[in-house]
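Notes to accompany the following structure.
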Amino acid sequence: MTDVPASNERQRDPGTVGALLRAARGDAGLTQTAVVEATSLSQAALSRIERGDGLPALDDDRDQVAELVTVYRLGDTDPELATWLRDVVEELHDRREEKRVVVVRGSNIMAMQRRFTREEQASTRIRAWSQGLILGQLQSPAYTAAVLGLPEDSPEVRQRRERYAGAPRNRLRQYDVLLAETVARWPLVDDTAMLDQLDDLITTSQLPNVDLRWLPLGVRLERLPLLPAFHVYDDRMVIWSQIDGSATLTAPEDVARYVAEFERLQAVALAGDEARSAIAEIASEFR
């Protein structure tokens with residue numbers, strides 16, 4: 001049999017898995033064509049695996065690790081390698097799942113907002129950043145209608161208002177909100193409605209479980225924000241969205257990166273009375 005490193009000397013990566021499977025196929029005296037005929041793998045998939053560019057599938061319908069172990073007779077010739085392959089391929093699939101960015105297509109803003117609501121209800125702390133729109137939990141009815149492009153008395157606007165009714169006033173949940181001044185400089189509604197919206201922001205910022213920070217246009221940043229808007233739910237999930245869908249990140253290192261980004265922007269933003277004064281000054285322009 002071809003010499004292979006002991007299990008404690010092997011790298012636990014796709015390249016090592018591919019090299020060991022390629023060696024096992026050679027020891028079994030099989031061509032790739034013969035393996036393809038005996039398993040559920042395609043020729044292209046087997047080639048990718050042996051090059052270290054893919055992994056054997058493990059799902060409800062296929063267990064390609066078991067198929068290859070059987071075809072290569074590793075259960076008899078090298079049971080330790082068979083066990084190692086199973087363990088490492090499962091680990092690598094788990095890592096890929098953790099790092100996966102899940103993109104959800106949304107046919108409209110309402111679908112994405114329902115998703116935000118579900119995640120919010122499962123969280124005790126929400127960090128939310130926006131430089132384009134005032135966030136849903138903080139929107140007035142007129143602003144919500146403008147965002148959705150619907151009349152204020154439409155069922156969709158009413159439903160959204162009902163979902164968000166009292167959300168920031170839930171004392172069991174901490175809201176860390178970070179808004180750029182641009183949310184007020186791009187008014188979506190008439191002057192009266194924009195004034196009401198900014199006054200609502202000031203009122204909401206005084207709640208004990210709301211930390212609202214305001215990032216003025218003139219503040220100097222070392223670099224631009226990662227994204228125009230994103231939400232961090234506890235320390236477990238990040239969601240960011242655009243008009244045609246949203247993306248979810250759950251890998252701990254990804255979540256930590258967005259928390260660090262939020263804290264970077266938060267550190268140079270106005271807080272407390274300074275934030276409220278800045279909002280009030282802009283609001284006075286709509287009077």
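Is one or more of the residues making up segment 172-181 assigned by TED's automatic domain parsing to the domain that holds E119, farther than 21 Å from A278 by Cβ, buried (at least 18 other Cβ atoms within 10 Å of the Cβ) and β-branched (V, I, T)?
No, segment 172-181 contains no residue that is assigned by TED's automatic domain parsing to the domain that holds E119, farther than 21 Å from A278 by Cβ, buried (at least 18 other Cβ atoms within 10 Å of the Cβ) and β-branched (V, I, T).
Restricting attention to segment 178-203, which residues are of a type in the set (V, I, T) and under 27 Å from the mean Cα position of the chain (by Cα)?
Those that are of a type in the set (V, I, T) and under 27 Å from the mean Cα position of the chain (by Cα): T182, V183.
Where the second residue is part of a helix (DSSP H, G or I) and modelled with pLDDT under 95 and the first is outside the structural domain of P151 (by TED's automatic domain parsing) and under 14 Å from S284 (Cα atoms) and lies in segment 184-205, which pairs have Cβ atoms under 6 Å and are six or more apart or on separate chains?
Final answer for the pair search is none.
Name every residue in segment 249-287 that is within 29 Å of the chain's Cα centre (by Cα), over 17 Å from P228 (Cα atoms) and in a loop (DSSP other than H, G, I, E, B), in order of residue number.
Result: T250, A251, A271.
How many of the residues in segment 124-144 are closer than 19 Å to S241 by Cβ, surrounded by 17 or more Cβ atoms within 10 Å (Cβ to Cβ) and among the small types (G, A, S)?
Selection size over segment 124-144: 3.
Looking at R223, R276, can you tell me which residue is among the basic types (K, R), surrounded by 15 or more Cβ atoms within 10 Å (Cβ to Cβ) and either farther than 21 Å from T124 by Cα or in contact with an Asp or Glu (Cβ under 8 Å, 6 or more places away or on another chain) (or both)?
Criteria check complete, one pass: R276.
Here is a check on your reading of the model: is T77 without any contact (Cβ under 8 Å) to a residue 60 or more places away in the chain, among the polar types (S, T, N, Q) and either surrounded by fewer than 16 Cβ atoms within 10 Å (Cβ to Cβ) or assigned by TED's automatic domain parsing to the domain that holds L21 (or both)?
Criteria not met by T77.
Taking segment 21-52 on its own, how many of its residues are part of a loop (DSSP other than H, G, I, E, B), touching a helix residue (DSSP H, G or I) at 6+ places or on another chain (Cβ under 7 Å) and not hydrophobic (A, V, I, L, M, F, W, C)?
4
Working only within segment 184-220, note down all residues that are of a type in the set (A, V, I, L, M) and either on the phi > 0 side of the Ramachandran plot or exposed (fewer than 14 other Cβ atoms within 10 Å of the Cβ) (or both).
L217, V219
Just give me the residues in segment 117-142 being of a type in the set (A, V, I, L, M) and either free of Cβ contacts under 8 Å to residues at least 60 places away in the same chain or assigned to a loop (DSSP other than H, G, I, E, B) (or both), in sequence order.
A122, L133, I134, L135, A142
The values are calculated or read from the model by the stated rules, or taken from the named source; none is laboratory data. Everything numeric here is computed off the predicted structure, so don't read it as measured data. Here Cβ is always computed from backbone atoms with ideal geometry, including for glycine, and neighbour counts include all displayed protein chains.
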